[in-house]
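The values are calculated or read from the model by the stated rules, or taken from the named source; none is laboratory data. For clarity, every value in this text was computed on a predicted model and none was experimentally measured. All Cβ positions, glycine included, derive from the backbone under ideal geometry; neighbour counts span all protein chains shown. Quick note on the areas: whole protein, heavy atoms, side chains included, nothing else; ligands and nucleic acids left out. Shrake-Rupley method; radii C 1.70, N 1.55, O 1.52, S 1.80 Å.
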Amino acid sequence: MAQEEKNTVVREDRYDAQRIESKWFARWQEDPSLYAAEPNSTKAKYYVLEMLPYPSGALHMGHVRNYAIGDALARYMWMNNYNVLHPMGWDSFGLPAENAAISNNTPPREWTLRNIANMKAQMKRLGFAYDWSREVTTCLPEFYRWNQWFFLKLHEKGLAYRKKSRVNWCSKCATVLANEQVVNGCCWRHEDTLVEQHELEQWFLRITKYAEELLRDLDKLENWPEKVRTMQRNWIGRSQGTLVDFKVEGASDSAITVFTTRVDTIYGATSVQLAPQHRMVGRLTKNNDPLREQVEQLIAEQRKAKEVGDIGAIEKHGVNTHHFATNPYNGERVPIWVANYILMDYGTGAIMSVPAHDERDYEFARKYNLPVRIVVVPQSGDPEETSVEPALPFTTFDGILINSGPFNGLNCTEAIRKMSAHAEKSGFGKATVTFRLKDWGISRQRYWGTPIPMLYCEKDGIVPVPEKDLPVILPENVDITLSGGSPLGRVPEFVNATCPKCGGPARRETDTMDTFVDSSWYFYRYTDARNDHAPFDPTTAAYWFPIDQYIGGVEHAILHLIYSRFWTKFMRDMGLVKNDEPVQRLFTQGMIIKGGAKMSKSLGNVVSPDDMVARYGADSTRMYTLFATAPDRELAWQDEGVEGVRRFLSRVSAFVSQAPVIAGSYQQDYSATDLTPAARKVLRKLHQTIRRITEDFKGRWHFNTSVAGLMELLKECNSVPEIFAPHDEAVRPRAFVADVQRKFVLLLAPFAPHLAHELWEMLGEKGSLLRAPWPKYDPALAKEEEIEIPVQINGKLRGLIVVPVDSSEELIRERALSDDKINSAIAGKQLVKVIVVPGRLANIVVR
C-alpha cells in the first residue's frame with residue numbers, strides 16, 4: 001500500500017497543467033478556423049449558445065459554470081459529426097457601464113472595450129471553443145444600426161409608438177424601467193431602491209399585440225423548464241371577462257371602466273374601488289387636500305408592501321371619496337373608494353367590489369361597514385335565500401343567480417354570456433380578454449445605449465430617420481455626470497438636425513433604447529455577423545434556427561426570454577425568419593454560492609477564475625463546476641473540490657503517459673476471449689462508462705455523474721496494474737490497452753480539453769481530437785446488473801430507484817434526487833443532507 005501511494009505521488013507530479021495548457025492555448029490561437037461553423041455543410045446542424053455576458057471587467061465563476069456546460073456540449077456534438085455553431089458576444093450597452101465610467105472618470109466606450117478585451121482573454125485561457133469570427137459587440141455601430149432599423153420597421157407597422165404615461169422611475173438609475181424590471185417594488189439593479197411613478201412621454205413597443213400567441217405557444221416549448229413556462233404564463237396573465245362602465249355621478253362625460261371575470265355577480269356590487277394611481281383619483285380629489293393626503297398614504301402602503309414582495313398580504317385600507325357611480329345593470333348608486341390593494345397594472349386599475357363573493361372584498365367591506373349582498377347560491381340552494389351573511393367559500397361559480405333582476409335563475413356560465421352580451425348591446429360594456437402583460441417601454445434617459453432614430457419637426461411632427469441615414473451614431477466625449485434629462489440633450493451637434501420631409505430644422509430624439517432590445521435578437525446576428533446590408537441573411541438564419549440548446553440563468557425567464565420570443569414573432573411576420581420561436585431547448589443552470597450566499601461582489605465572496613486557473617489549471621477549474629453537482633442545482637463552492645479534480649487529472653495523465661501504447665501502431669483487433677478476467681472487467685467498465693456519459697449528454701446533463709463515471713473507470717483500470725505491465729505481452733494485449741487509453745481520452749475531451757489534446761497527441765494520433773468520432777459502446781458489454789434501492793424521506797419510505805450494482809454513493813444520491821416522485825415529495829423543502837448506505841438505501845433529510 002505504501003509503495004502504491006508513493007507511485008501515485010510520483011505520477012501526479014508529472015501533470016504540469018500550466019505547461020500543457022499554455023502549449024495548447026498557443027496552438028489553438030494559430031488556427032482561427034478551429035471552432036468555425038462550416039458554410040454550406042451537408043451535415044446536420046447544431047446551434048448551442050450560452051447567454052452573452054455583460055462586460056463587467058472580469059469573469060466570475062457563474063460565467064465559468066455556464067460556459068463550461070455549453071462548451072462540453074459543443075465539443076460532444078463536434079465529435080458526433082454535427083456542424084456546430086458556438087458563438088460568443090457582448091451585451092455591452094447599458095447603465096452599469098455608464099455608472100462605472102462616471103466613477104472611474106473613463107468614457108463608457110473605452111471602459112467597455114477594455115473590459116471586453118480582458119474577459120475575452122480569460123475565455124480563451126479557459127479553453128472555451130468559440131467561433132470568434134462571429135463575435136458580436138452590441139455597443140458598436142455595425143450592430144446597433146440594426147436596432148435602429150428594426151425600430152423603424154416596428155414604427156411602420158404601428159408597433160412602436162409614443163405616448164404620455166405613468167412610468168416606473170428609479171432615482172438611482174435616473175431612468176425609466178419597464179414593468180419587468182421592477183422586482184418587489186424595487187429596481188432590478190438596486191434592490192434597496194423603491195421605484196417611483198412619474199408621468200413622461202415615452203416610446204413603447206406593442207408587445208401586447210402578440211400576448212395571446214406568446215401565451216399559446218408556451219405549449220410548444222416542451223423542452224423548456226416548466227418553471228420558466230409557468231413564470232411566463234403568470235406574467236402574461238390572461239384573464240377573460242367583461243368591461244363595464246360605471247358612470248360617475250355629476251360628471252356626464254366621465255365613467256369608470258372596471259374589468260371583471262365575474263360579471264354574473266355585478267348585482268352584488270356595493271362599491272367601486274380605484275387604484276391610488278388611477279387617472280380618476282386626481283379628479284375626485286381636486287380641491288380636497290385632506291383626501292389627497294390620504295391617497296398618498298395608500299400609495300406609500302403599496303410601495304412598502306411591494307418592497308417586502310407580498311402585496312397580496314397587505315392590510316387593506318381605503319378612503320371614501322364621497323363621490324358615487326351608477327351600476328348600469330340596476331341603476332344603483334354605489335360609493336367610489338380608493339383602496340391600497342387595487343393595482344394599476346391589473347385590468348383597468350378599477351374593480352367593482354362584491355363582498356359576498358370575494359374574500360378580499362368581504363374583508364374590506366366588514367372593515368368599512370359596506371353592505372354585503374348574496375347574488376349567487378349553490379344549485380341546491382334556496383332561490384329565495386336573502387341572507388346578508390355569506391357562508392364560506394365566498395365564490396360559488398357553479399351556482400345560480402338570485403337578487404339579479406332579469407338574470408335570476410341562470411347558472412353562472414350562462415349568466416356571464418348573456419350579461420356580457422347585454423352590456424355590449426346596451427353600449428356600456430363588452431366581453432373582453434385582458435392581459436397582465438403591458439406594452440414594453442423602451443425609452444431610457446441615459447447616454448450609453450442605442451439612439452432612437454426619430455426626429456421632431458414643428459411642421460411635420462414626429463418623423464422617422466430615413467433608412468439610408470442609419471446608423472444614427474452615438475456621439476463620443478459627452479458629459480454624462482450632470483443630472484436632469486438625457487445627456488444627449490446637452491449635445492447641440494447631435495440634437496440639431498434637418499427634417500427629411502420639409503428640409504426645415506428638426507430635433508433628434510435624445511432617449512436611448514432599453515438594452516433588452518439588443519439581447520432580443522443578437523443570436524440571429526451570429527449567423528451572419530459581418531453582413532452590412534441587412535441584420536442577417538434569411539436563408540442563413542433559416543438553416544441555423546431555432547437554437548438547438550440555449551443555456552442561461554432562470555433570472556432571465558421574464559425579461560430577456562419574453563422579449564426575444566416577441567422579437568422572433570415580429571421578424572417572422574416581416575418575412576425575415578420562418579421559425580415561430582427562437583429556442584428549441586432551454587437549460588437554466590443553478591447559481592454558485594459561497595458561505596451560504598450567492599457569489600457577488602457586494603458580499604465579497606467572489607472567487608476569481610484567474611486565481612483558480614493559476615493554482616489548479618483551466619481544466620480542473622471548469623471540470624469542477626461540472627462535477628460538484630448536477631448543473632441545474634446550486635453549487636456550494638469549495639476550493640478543495642478543485643484541488644480534488646486536479647489530482648484526478650494527474651492520475652489520468654499518469655494512466656495514459658506511463659509506458660503509453662502508441663495507438664497508431666496497434667490496429668489489430670482483439671477479442672474479449674483473449675483477455676484475462678481482470679482485463680475483461682476493465683473492458684466491461686469501459687463500455688458501461690461510454691454508455692453512461694453518452695446518455696448524460698443526450699438526457700438531463702448530469703455531468704457530475706459523467707465525471708464520476710470517468711473516476712470509477714480509472715479506478716478500475718488502476719486496480720489491475722498487471723494489465724498495463726510494460727513488457728509482458730501475455731498479460732498486456734497491446735491493442736486492448738491502446739483501445740482503453742484512446743477511448744478514455746475521447747470521453748475526457750468535452751470536460752478537460754487541454755489535457756485530452758495533450759494525451760491524444762502523446763498516443764500518436766494525427767487527426768484533430770475535436771473532430772474525432774465519439775466512441776460507441778457494445779450494448780452487451782454495457783449492460784449493467786441493477787438493483788433496487790429504497791429511498792426514504794426523513795426515515796419514511798417514499799420510493800425505489802434502480803441503480804447499477806456497486807454504484808457509488810454519489811451516483812445513488814444523484815439518482816435519488818433526480819427521481820420525479822422523490823423530487824415532488826421534497827419540493828419546497830430545504831435539503832439538509834442525503835445519507836447513503838451503498839447497495840441498501842438512501843435517506844433524504846429535509847425540513
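When residues in the stretch 742-768 are screened for being within 33 Å of the chain's Cα centre (by Cα), more than 30 Å from Val834 (Cα to Cα) and outside any loop (DSSP other than H, G, I, E, B), 5 of them pass.
Among the residues of the stretch 335-357, those identified as surrounded by fewer than 20 Cβ atoms within 10 Å (Cβ to Cβ) and either of a type in the set (Ser, Thr, Tyr) or under 20 Å from Thr242 (Cα atoms) (or both) are Leu343, Met344, Asp345, Tyr346, Thr348.
Which one is nearest to Ala121 (Cα to Cα), of the residues in the stretch 12-36 that are acidic (Asp, Glu) and touching a helix residue (DSSP H, G or I) at 6+ places or on another chain (Cβ under 7 Å)? Among those residues, the one meeting the criterion is Glu21. Restricting the stretch 670-691 to residues that are modelled with pLDDT of 90 or more and open to solvent by less than 30 Å² (accessible area, probe 1.4 Å) leaves a set whose member that is nearest to Asp778 (Cα to Cα) is His687. Look at the stretch 417-435: where a residue is among the basic types (Lys, Arg) and a partner is open to solvent by 30 Å² or more (accessible area, probe 1.4 Å), sitting 6+ places away or on another chain with Cβ atoms under 6 Å, you get Lys430/Leu243; Lys430/Glu424.
For the stretch 71-92, check the following and say yes or no: at least one residue is under 20 Å from Ser600 (Cβ atoms), open to solvent by 20 Å² or more (accessible area, probe 1.4 Å) and in contact with a Leu (Cβ under 7 Å, 6 or more places away or on another chain). Yes, that holds for at least one residue. Based on what the data block shows, is Ile462 touching an Asp or Glu at 6+ places or on another chain (Cβ under 7 Å) and either touching a residue at least 60 places away in the same chain (Cβ under 8 Å) or among the aliphatic types (A, V, I, L, M) (or both)? No; evaluated as a whole, the condition is false for this residue.
Yes or no, residue by residue, for (1) outside any helix (DSSP H, G or I); (2) in contact with an Asp or Glu (Cβ under 7 Å, 6 or more places away or on another chain):
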position: Thr42; (1), (2): yes, no
position: Asn66; (1), (2): no, yes
position: Asp71; (1), (2): no, no
position: Ala101; (1), (2): no, no
position: Ala121; (1), (2): no, no
position: Phe128; (1), (2): yes, yes
position: Phe143; (1), (2): no, no
position: Gln148; (1), (2): no, no
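Kindly provide the set of residues from the stretch 750-767 that are of a type outside the set (Asp, Glu), in contact (Cβ under 8 Å) with a residue 12 or more places away in the chain and open to solvent by 40 Å² or more (accessible area, probe 1.4 Å), ordered by number. Show your work before the answer.
Residues of the stretch 750-767 that are of a type outside the set (Asp, Glu), as a first pass: 750-757, 759-760, 762-764, 766-767.
With in contact (Cβ under 8 Å) with a residue 12 or more places away in the chain added as a condition, the list becomes 750-757, 759-760, 762-764, 766.
Of everything in the stretch 750-767, those that are of a type outside the set (Asp, Glu), in contact (Cβ under 8 Å) with a residue 12 or more places away in the chain and open to solvent by 40 Å² or more (accessible area, probe 1.4 Å) turn out to be Met762, Lys766.
Within the stretch 644-653, can one find any residue that is modelled with pLDDT of 90 or more, among the aromatic types (Phe, Trp, Tyr), within 30 Å of Trp521 (Cα to Cα) and not in a loop (DSSP other than H, G, I, E, B)? No - not one qualifying residue is present in the stretch 644-653. Would you confirm whether or not the stretch 411-426 contains a residue that is modelled with pLDDT of 95 or more, part of a loop (DSSP other than H, G, I, E, B) and hydrophobic (A, V, I, L, M, F, W, C)? Within the stretch 411-426, none of the residues are modelled with pLDDT of 95 or more, part of a loop (DSSP other than H, G, I, E, B) and hydrophobic (A, V, I, L, M, F, W, C).
Return the residue satisfying two criteria in turn: it lies in the stretch 489-510 and is in contact with a helix residue (DSSP H, G or I) (Cβ under 8 Å, 6 or more places away or on another chain) and outside any helix (DSSP H, G or I), and of such residues it is nearest to Ile551 (Cα to Cα). Across the stretch 489-510, the extreme among qualifying residues is Thr510.
Suppose we filter the stretch 182-221 for residues that are modelled with pLDDT of 95 or more and either under 16 Å from the mean Cα position of the chain (by Cα) or open to solvent by less than 40 Å² (accessible area, probe 1.4 Å) (or both); how many remain? Break it down into steps so the answer makes sense when it comes.
Narrowing the stretch 182-221 to residues modelled with pLDDT of 95 or more: 203-221.
Next, from what is left, pick out any that are either under 16 Å from the mean Cα position of the chain (by Cα) or open to solvent by less than 40 Å² (accessible area, probe 1.4 Å) (or both): 203-205, 207, 210-211, 213-215, 217-218, 221.
Of the residues in the stretch 182-221, 12 are modelled with pLDDT of 95 or more and either under 16 Å from the mean Cα position of the chain (by Cα) or open to solvent by less than 40 Å² (accessible area, probe 1.4 Å) (or both).
Being within 16 Å of Val136 (Cα to Cα), assigned to a helix (DSSP H, G or I) and open to solvent by 20 Å² or more (accessible area, probe 1.4 Å) is the filter here; which residues of the stretch 511-543 pass it? The answer is Asp528, and nothing else. When you scan the stretch 427-465, how many residues do you find that are open to solvent by 40 Å² or more (accessible area, probe 1.4 Å), β-branched (Val, Ile, Thr) and either part of a loop (DSSP other than H, G, I, E, B) or in contact with a Pro (Cβ under 9 Å, 6 or more places away or on another chain) (or both)? Selection size over the stretch 427-465: 0.
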